[in-house]
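Novice: The structure under discussion is supplied below as C-alpha cells; questions concerning it will follow.
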Amino acid sequence: MSAIPPLPGAPLLSIATVAERAGCSRQAIYDAIRNGRIRACRVAGRVLIAEADAEQFIRDWPERKKGAAARWREFRDWQAHQRAVAQQRPPARPDTDGAAE
C-alpha cells in the first residue's frame, strides 16, 4: 500500500466500487494491491484507491465476464462443431489383412 496519499481533491474510491467497475471480486482488488498492480492508501481505517489509479487498473484488467452459462454454451457449440466435422468424413474402410475372400 502506498504511504503517499493521492493529491488533495482527487476522488477516492472504495475497494467495492473499483471491483464493481472492473467486473471482478474485491479479493482480486486486494491481490492487485498486494502485488503492486494498483496503488492504494489507508484513510481513516479504510483502504481507498485514487480514481485515476482505478481507471488505469480497469483498462489493464482483462475482461472476464464469462459466467458458467457462457462457458457451457461455448462447450456445446464446440461439441456441435466436432459432430458436424465427424459427419463430413467418409466412412472408414474396414481393415484388410491381406486375406482374399
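The values are calculated or read from the model by the stated rules, or taken from the named source; none is laboratory data. Not measured: the values here are computed from a predicted model. When we count neighbours, we look across all protein chains shown, and the Cβ atoms used for this are built from the backbone with ideal geometry, even at glycine.
Novice: Restricting attention to region 1-24, and to residues there that are small (Gly, Ala, Ser) and at pLDDT 85 or above, which single residue is farthest from PRO62 (Cα to Cα)?
Specialist: Start the filter on region 1-24 by keeping residues that are small (Gly, Ala, Ser), which leaves 2-3, 9-10, 14, 16, 19, 22-23.
Checking which are at pLDDT 85 or above leaves us with 14, 16, 19, 22.
On the way: SER14: 20, ALA16: 18, ALA19: 13, ALA22: 9 Å.
For region 1-24, the residue satisfying everything is SER14.
Novice: Let me ask something additional. Please go through region 33-53 and give me each residue that is surrounded by fewer than 16 Cβ atoms within 10 Å (Cβ to Cβ) and in a helix (DSSP H, G or I), ordered by number.
Specialist: ARG34, ALA52
Novice: Looking at region 54-73, can you tell me whether even one residue there is at pLDDT 90 or above, buried (at least 16 other Cβ atoms within 10 Å of the Cβ) and out of contact with any Gly (no Cβ under 8 Å at 6 or more places or on another chain)?
Specialist: Scanning region 54-73 turns up at least one residue that is at pLDDT 90 or above, buried (at least 16 other Cβ atoms within 10 Å of the Cβ) and out of contact with any Gly (no Cβ under 8 Å at 6 or more places or on another chain).
Novice: Another question, then. Checking the structure you have, find out if any residue of region 25-32 is surrounded by 10 or more Cβ atoms within 10 Å (Cβ to Cβ), modelled with pLDDT under 90 and either over 15 Å from the mean Cα position of the chain (by Cα) or at positive phi (or both).
Specialist: no
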